[in-house]
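Asker: Please find one structure pasted underneath; my questions will follow.
The values are calculated or read from the model by the stated rules, or taken from the named source; none is laboratory data. Quick caveat, the model's predicted, so the values are computed rather than measured. In this analysis, Cβ positions are derived from the backbone assuming ideal geometry, glycine residues included, and neighbour counts consider all displayed protein chains. To get the accessible areas, we keep the full protein, side chains included, count just its heavy atoms, and leave off ligands, DNA and RNA. Shrake-Rupley method; radii C 1.70, N 1.55, O 1.52, S 1.80 Å.
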Amino acid sequence: MTPFSALPCEIALLAAEHAAWSQVHNDWLWVASVRLVCRRFNGIIRRICFETFIVQQDTAYHLPELAGLPDTPLSLTRRLVIPDGQLYTRATEQSLFSQVNNIRDFTGGTSHLTSLSRIHPDLHLDSVYIIHLESWSARPWMRWLFTTPRLHIICGVIDDAPMFEGQDILHISGTRWLIVDAFSTSSLELVAHIQPFLSRLTVLLSIPSLERLLLRPRIYHDESRIPLCEAVVHCASEMQDERIWLDASVVHLTNGEDKEDDRQLDIADALAGHALWEAGAPLYIKGSDS
């Protein structure tokens, strides 16, 4: 067997790149160590290491230092994930967002989105996943948000408030693929709230550019999840709308009290990338009821 060191440089680089892409989210430290092999390895592996940047609690304090480097790797970041509700200090937030000027996919809270839109008002994102919802009423960032073709939001089933305040914003939206995670930790109260929830959900179908509305139940109890799925199937059939999709496989089977479980679920969704919008199946197909 030919040793790795005896391979032509181009083949060795391809092998290292393949290994790095396959392991970067499982063993980041090992992938980062591959950068030390040589300068050419560093050029390729450095980009892979920072393609996706997840702001972890134990590294957030080092962000100003990282952002202040003359050739900061944050400029290589295309996918930014902030799984916690805050970035600890305004200086940390400012230093991070000022350098991630090439990101295409964002996961975080609405407060983070507000800051990002203020620093980079001309930034065009491919996808946004809102995991911390402070308010839907901040119009400037909402208009910026709805230029995003892929949007992912979490909505409580037991919640009588409109999903969006000032729903006229929907009529100028450019969103094409929308994921709504129906969230609830309740087992007894949820069923009575299903129909009001669906009424609020179907308002999103007024988005003129919308091609797909994918509902995913993030419900902690089967006795609540199953009635919700059945109600969505019936709603799509009644409306005869091919844009309504359902991914009934997305179930978080915990008691709903472990915030770390929710955090890991959000990170997994972010790492799934644009494939997340291709999950599920349509609930109504034209001609299927004839």
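Asker: When you go through (1) at pLDDT below 85; (2) not in a helix (DSSP H, G or I) one by one for TYR129, which number turns out not to apply?
Answerer: With respect to (1) at pLDDT below 85; (2) not in a helix (DSSP H, G or I), TYR129 is out only on (1).
Asker: Now a separate question. Of all the residues that make up region 33-68, how many are out of contact with any strand residue (DSSP E or B) (no Cβ under 6 Å at 6 or more places or on another chain) and closer than 20 Å to PRO83 by Cβ?
Answerer: Counting residues in region 33-68 that are out of contact with any strand residue (DSSP E or B) (no Cβ under 6 Å at 6 or more places or on another chain) and closer than 20 Å to PRO83 by Cβ gives 15.
Asker: Closer than 21 Å to ASP266 by Cβ, in the same structural domain as GLU278 (by the TED database) and in contact (Cβ under 8 Å) with a residue 40 or more places away in the chain - does that describe any residue in region 225-244?
Answerer: Yes, region 225-244 contains at least one residue that is closer than 21 Å to ASP266 by Cβ, in the same structural domain as GLU278 (by the TED database) and in contact (Cβ under 8 Å) with a residue 40 or more places away in the chain.
Asker: Step by step: first the residues of region 168-189, then only those that are touching a strand residue (DSSP E or B) at 6+ places or on another chain (Cβ under 8 Å) and open to solvent by less than 30 Å² (accessible area, probe 1.4 Å), then the one that is modelled with the lowest pLDDT. Which residue is that?
Answerer: It comes out as SER184.
Asker: Being free of Cβ contacts under 8 Å to residues at least 40 places away in the same chain, assigned to a helix (DSSP H, G or I) and within 23 Å of ALA275 (Cβ to Cβ), is that true of even one residue in region 111-119?
Answerer: Looking through region 111-119, at least one residue is free of Cβ contacts under 8 Å to residues at least 40 places away in the same chain, assigned to a helix (DSSP H, G or I) and within 23 Å of ALA275 (Cβ to Cβ).
Asker: Looking at TYR61 and the list (1) assigned by the TED database to the domain that holds THR110; (2) open to solvent by less than 90 Å² (accessible area, probe 1.4 Å); (3) within 22 Å of GLN264 (Cβ to Cβ); (4) free of Cβ contacts under 8 Å to residues at least 60 places away in the same chain, which single condition is not satisfied?
Answerer: It is condition (2) that TYR61 fails.
Asker: Can I ask one more? Please give the number of the condition ILE226 fails out of (1) under 20 Å from ARG176 (Cα atoms); (2) among the hydrophobic types (A, V, I, L, M, F, W, C); (3) part of a helix (DSSP H, G or I).
Answerer: Checking ILE226 against (1) under 20 Å from ARG176 (Cα atoms); (2) among the hydrophobic types (A, V, I, L, M, F, W, C); (3) part of a helix (DSSP H, G or I), the one that fails is (1).
Asker: Looking at region 203-223 only, could you name the residues that are within 18 Å of LEU151 (Cβ to Cβ), open to solvent by 40 Å² or more (accessible area, probe 1.4 Å) and assigned to a helix (DSSP H, G or I)?
Answerer: VAL203, SER206
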